Amino acid sequence: MGLFDFLLAKKQTATIAKDRLRIIVAHERAGRGGSSPDYLPMLQRELLEVIRKYINVDAEAVKVDLIGDGDSKVLDISVALPENPAQA
Amino acid sequence: MAEIIVVTSGKGGVGKTTTSASLACGLARRGHKVAVIDFDVGLRNLDLIMGCERRVVYDFVNVVNGEANLKQALIKDKRFENLYVLAASQTRDKDALTKEGVQKVLDDLATEGFDYIVCDSPAGIEKGAYLAMYFADQALVVVNPEVSSVRDSDRILGLLASKTRRAENGERIKEHLLLTRYSPNRVETGEMLSVGDVEEILGLKTIGVIPESPDVLNASNKGEPVILETESNAAQAYDDAVARLLGDTRPMRFITAEKKGFFSKIFGG
């Protein structure tokens, strides 16, 4: 940096590039087939239907994810129960 | 067994052909028997970078179609007797290459005793790029430290992990990041993504960093792969990358800004 560089102070554009790329790459990876198989949305819907036979839960209460862990994969299903579950 | 290495990137103009030519020469210089294949059907260019454009008689598509045999189409390099070039066809027919045809050529090269087959992929994610990567054991993903190149590389990584023979067999292709046109000075001033930034975004280990260098254009003007310009930083960086690919450990060079002189320190520049 030279003594007079402050006169033409530039923005650190590499940081902006990195932040933008982090977001877009994560977004595009999430939308790609490999990491989330086609059947996940369907599985999520059907699980929700079954659970709703017994408990009144929101549509967002059931989360289904396939988590890669090295060579093995884990099917992660989480169900958030309402605070005072009423019979459906 | 021949090791098949695809040089790919998604985006055009980042240095795939330059890299393929230098990688092939670097491997051949170490005594390996190497074939380098141009998969860019319709836009042949590897021959120019290798300096053998006037010796192309038969090309890749001729071999696939049975119009010539492999021996007739392989162009022997003038510098290394164990290095051969298979040129792309200039045909406009995009379906000239088939998976079966490519497989046969690769199998025949392996039978001929080639140690390494370097596949120079075309830009994009169309059939040519797909065929170039399909049979690969390793992939060199060429990236410029620039947003569109990084994003496109991530698309390519997705394809390498799903649309290749290894992926279909439940195996992985060994993927390496090769950064080209790197300017340590601009990284230092915060204008360019650093090696670490790109590694972090793509989740990939770097096998080489090629500094921005006027020698790359000069070498291509002459039809001499830049790795052979031994005085050049770019050549030395390519040689390091080849050594790492073969299992050597070498420190990364040319990734820190040059020390500035007294005057430039005072007055900038």
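Coordinate-derived values only; no laboratory data. Small disclaimer: the values here were computed from a predicted structure and weren't measured. Backbone-built Cβ (ideal geometry, glycine too); neighbour counts: all protein chains shown.
What to note about this one:
- Shape of the range B:122-201, Cα gyration tensor, a/c cut at 1.5: prolate
- Close amide H contacts of A:L66 (hydrogens built in the peptide plane, cut-off under 5 Å, sequence separation of 5 or more or a different chain): A:D76.
- The trypsin sites (Lys or Arg not before Pro) of the range B:94-174 that meet both conditions, a loop assignment by DSSP and at most 14 other Cβ atoms within 10 Å of the site Cβ, are B:K94, B:R172.
- Listed residues B:A129, B:A161, B:A87, most fluctuating in chain B (Gaussian network, C-alpha, under 10 Å): B:A161
- Cα-based shape type of the protein assembly as shown, given that a ≥ b ≥ c are square roots of the gyration tensor eigenvalues and the cut on a/c is 1.5: oblate
- Förster radius 22 Å - calculated FRET efficiency between B:K259 and A:T13 (Cβ-Cβ, nearest 0.05): 0.35
- The protein assembly as shown: antiparallel DSSP beta bridges as a percent of all, rounded to 5: 25
- Fewest neighbouring Cβ atoms within 10 Å first, the residues B:M133, B:M1, A:M42 line up as B:M1, A:M42, B:M133.
- Computed with the Debye formula from one identical point scatterer per Cα of the range B:59-208, without solvent, the log10 of I(q)/I(0) at q = 0.08, 0.14 Å⁻¹ comes to -0.28, -0.80.
- Between B:R165 and B:E188, full extension at 0.36 nm per residue minus the direct alpha carbon distance yields a gain of 4.2 nm.
- Residues B:I207, A:I23, A:I55, ranked from the fewest to the most other C-beta atoms within 10 Å, line up as A:I23, A:I55, B:I207.
- For the range B:223-231, Karplus couplings with θ = phi - 60° (6.51, -1.76, 1.60), whole Hz, Gly/Pro x: x, 10, x, 4, 4, 7, 7, 4, 6
- Treating r as the C-beta distance of A:N84 and A:L40 and R0 as 25 Å, the FRET efficiency rounds to 0.25.
- Using the Cβ-Cβ distance between B:L43 and B:L217 with R0 = 30 Å, the FRET efficiency computed as 1/(1 + (r/R0)^6) comes to roughly 0.95.
- Separation of the range B:96-119 from the range B:158-208 is 26 Å, based on Cα centroids.
- ³J(HN,Hα), Karplus 6.51/-1.76/1.60, whole Hz, each residue of the range B:176-182, x for Gly, Pro: 10, 9, 10, 8, 10, 6, 8
- Burial ordering of B:I210, A:I67, fewest other beta-carbon atoms within 10 Å first: A:I67, B:I210
- For the range B:99-203, GluC sites (Glu not before Pro) meeting the loop criterion (DSSP other than H, G, I, E, B) and having at most 11 other Cβ atoms within 10 Å: B:E126, B:E171.
- Scanning chain B for long hydrophobic helices, with DSSP H runs required to stretch 15 angstrom or more by C-alpha along their axis and to average at least -1.0 on the Kyte-Doolittle scale, returns B:16-29, B:99-111, B:147-160, B:233-245.
- Overall shape: oblate for the range B:12-81, with the ratio a/c of the largest to smallest alpha carbon gyration tensor axis at 1.5 or above and b/c at least equal to a/b.
- Each residue of the range B:112-122 was assigned a 3J(HN,Hα) from its phi angle through the Karplus expression (A = 6.51, B = -1.76, C = 1.60, θ = phi - 60°), giving 6, x, 6, 7, 10, 10, 9, 9, 8, 7, x Hz with x at Gly and Pro.
- Under the Debye formula (equal points on every Cα, no solvent term), log10 I(q)/I(0) of the range B:154-269 at q = 0.10, 0.19, 0.20, 0.23 Å⁻¹: -0.40, -1.11, -1.16, -1.26
- Quarter of the Cα convex hull surface for the range B:1-40, i.e. its orientation-mean projected area (nm²): 3.1
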